[in-house]
Every structure is written in C-alpha cells, then in structure tokens.
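Take a look at the structure set out below.
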Amino acid sequence: MKLNMAEEEDYMSDSFINVQEDIRPGLPMLRQIREARRKEEKQQEANLKNRQKSLKEEERERRDTGLKNALGCENKGFALLQKMGYKSGQALGKSGDGIIEPIPLNVKTGKSGIGHEALVKRKAEEKLESYRRKIHMKNQAEETAAVQFRMRLKNKQDEMKLEGDLRRSQRACQQLDTQKNIQVPREAWYWLKPEEEIEEEKEEDEDEYKSEDLSVLEKLQILTSYLREEHLYCIWCGTAYKDKEDLSSNCPGPTSADHD
C-alpha cells in the first residue's frame, strides 16, 4: 500500500508545477510567429534598400571616375581629332579660341520629363512676380490712403482755422463798429450773433435747411477788407493803424499768408 502511494505522483511537487508552466497556450505562440515574420520582412526591406543604395553609389563612382579621366587613343572621336592635328590640352577651333574642357555632363536622376525643371522654375518665377505685384499694389493703396487721410486732416484743420479767424474778425468788427457808434452791422454776419440767436437758428435748421451763398473763406476776405478800409485794422497784425499810409507801410499784407 505504501509502495503504491510512493509510485503515485504528488500533484503539489515541483515536477508537476514545472510541467504545467512549460505548457503554453496557442495565442502567445501565434503572436511570436507573427512578430518573427514582421522582423524578417523589415530585414529584407532594409537589405533591399541597402543593395539599391550601393548600386547607385557604384554607378555614381564609375561615372565620376570616367569623367575625371581624359580620353585616350582608344576613343574613336579623340583619335579622329588627333588625325586632324589636335593635341591633348589644346583649345578647339581653327584659331584655337574654342573650349578646352569638355561640356559638363548633367545627369538627370528624377522621373520627370525633359523641360519639367524649366517649367517648375518658370512657374516659381511667375508666382514670385505675382506676389511682388500684390505687395506693390498693397503698398501703393496704403500710401494713397495715407495721403488722402493727411489731405482730409489738413483740409479739416484749415477749415477750423478759417472759422476761428472769421469769428475773431467778427468780434473785432463788432467792437470797432461799436466804438464808432455803429448800431447795425453792414451785413448781418459781420458781427458775432448772441448765443440765444445761434440756438434759435439751430432749431430752425433742423426744420428747414438754409444754404448760404458765401463760403467761410469768402466771408473772411470780405470782412478783413472792411476792417482795413473802415477801421484801418489788420486782424493778422492785431493792430489799428493811424492812417492808410501807416497801414500800407507797416502791414505785410491783407492775407494770413502774408504774415507767415
């Protein structure tokens, strides 16, 4: 009975556990096979690329070696030249003013057809020229816009200056007329209007637009002439002169530009 128990295998022994560990399922095995095949394919591709690369290098080396070596008598073309009196290192042509070195060889390695590189270069130049034209037009437009803006700003500033000179002339005219006991201005716009009248005119203008025949510049010219003739006063000098001779002698002129 003991012998039979000894002959029976112990399921908890190391031999039984090791046997169980050596048994592998089918899925990991398939993964290992696939991984091995993948590595083999990659290795074959790498070997093919290396082989192709070596062939190209060999071809380039043979070509460079052939181009570096001078032609010998075994070359039929060179032999014909020698028969006609040509010597190695001599320039071509009857007078010896031709080329000495052979025309360089440009090897085409790409798959594009003849003239493709010239076409690509021409398209690139056209694209660059179009881009330059767009930039030039954009710069011109920006410069024109800047000039127009400066002109509008200058016109606005000039207009504001004219309006300020006109108000100053109206104020001086009212003061000088009052000193001479002139109760009513020669023209209604010769004097500054009271603020109440200005407000009333604004309300009237909202209901009905009223246009004036004279511009601000024309009003200023007329009013300054009146001040010079009637009161011997120059708005630009800010001075009332004694007589016409004093005015003509000491005043630069009747306009603002004369006083600059």
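The values are calculated or read from the model by the stated rules, or taken from the named source; none is laboratory data. Worth saying up front: this structure is predicted, and the values here are computed from it rather than measured. Reconstructed Cβ throughout: ideal geometry from the backbone, glycine too, with neighbour counts over all protein chains shown. These area figures cover heavy atoms from the full protein model, side chains too; ligands, DNA and RNA do not enter into them. Shrake-Rupley method; radii C 1.70, N 1.55, O 1.52, S 1.80 Å.
What nm distance separates the two modelled labels at ALA91 and GLU58, each placed 7 Å from Cα along Cα→Cβ?
Spacing of the two 7 Å Cα→Cβ label points: 4.3 nm.
I'd like the accessible area for TYR131: 1.4 Å probe, protein heavy atoms, all chains in place, Å² to the nearest 10.
140 Å²
Rolling a 1.4 angstrom probe over the protein chains, ignoring ligands and nucleic acids, what is the accessible area of MET84 in square angstrom, nearest 10?
The value for MET84 is about 150 Å².
Send over a whole-number figure in Å² for the accessible area per residue of the stretch 90-200, probe 1.4 Å.
On a per-residue basis, the stretch 90-200 sits at 88 Å².
Over the stretch 59-183, what percent of the accessible surface lies on carbon and sulfur atoms, probe 1.4 Å?
In the stretch 59-183, the share of accessible area belonging to carbon and sulfur is 56 percent.
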